[in-house]
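One structure is given here, and the rest of the page talks about it.
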Amino acid sequence: ASMPDKHGYISLSCSNTYEMRMIEAADLVILEVNPNMPYTLGDVQIPVSDVDYLVRADYMPPVTPDAPFSEKDAAIGKFIADMVSDGACIQLGIGGIPNAVAAALESKNDLGVHTEMLTTGMMHLAKLGVINGKRKQINRGKMVATFIMGIPELYEFADYNPSVAIMDGAWVNDPYTIAQNDNQISINTSLEVDLTGQCASESLGSRQFSGTGGQADTAVGAQMSKNGKSIIALYSTAMVKGPDGERHEVSKIVPQLMTGAAVTLSRNDVDRVVTECGVAELRGTNLRERVARLIAIAHPNFRDSLWDQAVEVGILGRR
């Protein structure tokens, strides 16, 4: 947490995903206060009188360096930026693809932010004047998030910044909250997408790769929003080590997910899927249309085999 301010209040600083709820439920409250942590605003302030013990620390906040983005990332970022209109409200994650999206959004105007994570890319867009929240329906003018992670400049940006609101994660990620802003754009990534649209974003087969995060919440909330869009982004291929020990290129658009894969986003909740090869609009489509549109954004080297596999596993009766 931050150091106490002159009024005797402490800020939970970089995260209120669940911290305030824990404090309210706890019998004993111990906070580590650190002069290097930004004093953020939102619903993260608590009076010193509500804390049983303060522990002084003096280390720097954790830094997540800006991930460089590749030509593939840039292509995906351009496709996504073309779907973001002026005045839209965005949600972004972390990594090469989100950073490429942020760079591609620099020509936009009056964007808003309602996101699980406030990122360095969003800070850059705010400093450029691209993000100002003027057209939001709720929390107008505020960049709403449940936690912050990035470079030191991001923490300095958030310190006592009235345009940054760190709010309760259960409220921020509630699809009904998300839907209150028009033109909400949810942008998430996935590890693998099958030909019916199921997204495995947290595991490779039965091997856990990351957490569930807010992908399902933000995807559903964006589609509930007036003129909202939910976007899943991924590369069309990946390099994997085969049984022979050699690395092989495989398609990330697959007929079936790996055995044991966790389905993070059901096919019923998928709106648009983007690779460096194009955009597949799936919302409201039937099974054959889904297969055709997803194969069209797969890497050209795999398109014919994907048609054959779709028939082989029974997704399609025939090509």
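The values are calculated or read from the model by the stated rules, or taken from the named source; none is laboratory data. The structure displayed is predicted, hence computed values, not measured ones. Virtual Cβ from ideal backbone geometry, glycine too; neighbours counted across all protein chains shown. All accessible areas refer to the heavy atoms of the entire protein, side chains included, with ligands and DNA or RNA removed. Shrake-Rupley method; radii C 1.70, N 1.55, O 1.52, S 1.80 Å.
Data for the structure
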| read-out | value |
| --- | --- |
| Residue within region 103-114 that is in contact with a Phe, Trp or Tyr (Cβ under 8 Å, 6 or more places away or on another chain), surrounded by fewer than 19 Cβ atoms within 10 Å (Cβ to Cβ), over 24 Å from Pro38 (Cα atoms) and of a type in the set (A, V, I, L, M, F, W, C) present | yes |
| In region 25-71, the residues that are modelled with pLDDT of 95 or more, among the charged types (D, E, K, R) and surrounded by 10 or more Cβ atoms within 10 Å (Cβ to Cβ) | Glu32, Asp43, Asp50, Asp52 |
| Lone qualifier among Gln45, Gln91 - being of a type outside the set (Val, Ile, Thr), farther than 16 Å from Leu154 by Cβ and under 16 Å from the mean Cα position of the chain (by Cα) | Gln91 |
| In region 84-98, residue farthest from Ala165 (Cα to Cα) [restricted to those that are open to solvent by 30 Å² or more (accessible area, probe 1.4 Å) and free of Cβ contacts under 8 Å to residues at least 60 places away in the same chain] | Asp86 |
| Region 49-79 - residue that is under 30 Å from the mean Cα position of the chain (by Cα) and among the hydroxyl-bearing types (Ser, Thr, Tyr) and, of those, nearest to Ala104 (Cα to Cα) | Ser70 |
| Test for Met143: is it crowded, with 19+ Cβ neighbours inside 10 Å, farther than 12 Å from Cys14 by Cα and free of Cβ contacts under 8 Å to residues at least 40 places away in the same chain | yes |
| Complete set of residues in region 146-174 that are acidic (Asp, Glu) and touching a Pro at 6+ places or on another chain (Cβ under 8 Å) | Glu156, Asp159 |
| Subset of region 1-19 (residues that are open to solvent by 30 Å² or more (accessible area, probe 1.4 Å) and either within 15 Å of Tyr53 (Cα to Cα) or under 23 Å from the mean Cα position of the chain (by Cα) (or both)) | Met3, Pro4, Tyr9, Thr17, Tyr18, Glu19 |
| Subset tally (residues that are at pLDDT below 95, in a strand (DSSP E or B) and either open to solvent by less than 40 Å² (accessible area, probe 1.4 Å) or touching a Pro at 6+ places or on another chain (Cβ under 7 Å) (or both)) for region 189-220 | 1 |
| Which listed residue, of Val291, Val311, Val273, Val250, is out of contact with any Asp or Glu (no Cβ under 9 Å at 6 or more places or on another chain) and open to solvent by less than 10 Å² (accessible area, probe 1.4 Å) | Val291 |
| Long-range neighbours under 8 Å by Cβ, at least six apart or interchain, first residue closer than 10 Å to Gly96 by Cα within region 66-80, second at pLDDT below 95 and of a type in the set (Phe, Trp, Tyr) | Gly77/Phe69 |
| Test for Ala81: is it farther than 27 Å from Asn139 by Cα and either surrounded by 18 or more Cβ atoms within 10 Å (Cβ to Cβ) or not basic (Lys, Arg) (or both) | no |
| Listing of strands (runs of 3 or more DSSP E) fully contained in region 226-319 that carry 1 or more residues being over 21 Å from the mean Cα position of the chain (by Cα) and modelled with pLDDT under 95 | 237-241, 247-251 |
